[in-house]
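Asker: The structure's right below; bear with me while I get my questions together.
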């Protein structure tokens, strides 16, 4: 009976350890797959977004139709010139935020917010500048963004927290 309890405890410890790896409490603790970063780029950081500083629904309607992302009711796109700033959120340009693998930018970043309805119509387009929350995973030994998290509560970085890395 004692050997069963030791074996059971060891097995339970191993399972909890595996769960911690799958759901880390800090950014870049897990190893992502390169496709995660590529998906982030195709969803949020593209060089073919409409360039107009005054976003127009009809231009974004054409763009969303071209990339066929009608299944995402809220979408955010960074201008491609902000590539380095966006990537930096997952390292020295960001602070650890909340739980999981989240980082928040140290400085507000500009992006375009696009809202789409279930009739495949762009209903809202606006320029935003706010602190950006990104999910960051370790991919090929680099901490890279894999997820955009809406900053619904106007969160700001906590300078007492560590940098993401």
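Any read-out appearing in this document is the output of simple, stated calculations on the displayed coordinates, not a laboratory observation. Predicted model only: the values in this text are computed from it and were never measured. Ideal geometry is used to build each Cβ from the backbone, glycine not excepted, and the neighbour counts take in all protein chains shown.
Asker: What number in nm² do you get for region 111-165 if you take the convex hull of its Cα atoms and divide its surface by four?
Answerer: Working: hull surface 22.2 nm².
Reported value for the Cα convex hull: 5.6 nm².
Asker: Another one. What does the C-alpha gyration tensor say about the overall shape of region 54-114? Classify as rounded when a/c is under 1.5, otherwise prolate if a/b is larger than b/c, or oblate.
Answerer: Prolate is the answer for region 54-114, as a/c is 1.5 or above and a/b outweighs b/c.
Asker: Can you pull the one-decimal nm distance between simple spin-label points at residue 29 and residue 52, each 7 Å off the Cα toward Cβ?
Answerer: Here the answer is 4.6 nm between the modelled labels.
Asker: Another question, if that's okay. Please provide three numbers in whole Å: the alpha-carbon extents of region 25-149 along the principal axes, with the largest listed first.
Answerer: The Cα atoms of region 25-149 stretch 41, 27, 24 Å along their principal axes.
Asker: A further question follows. Could you tell me how far the Cα centroid of region 42-74 sits from the Cα centroid of region 135-165, in Å?
Answerer: 24 Å
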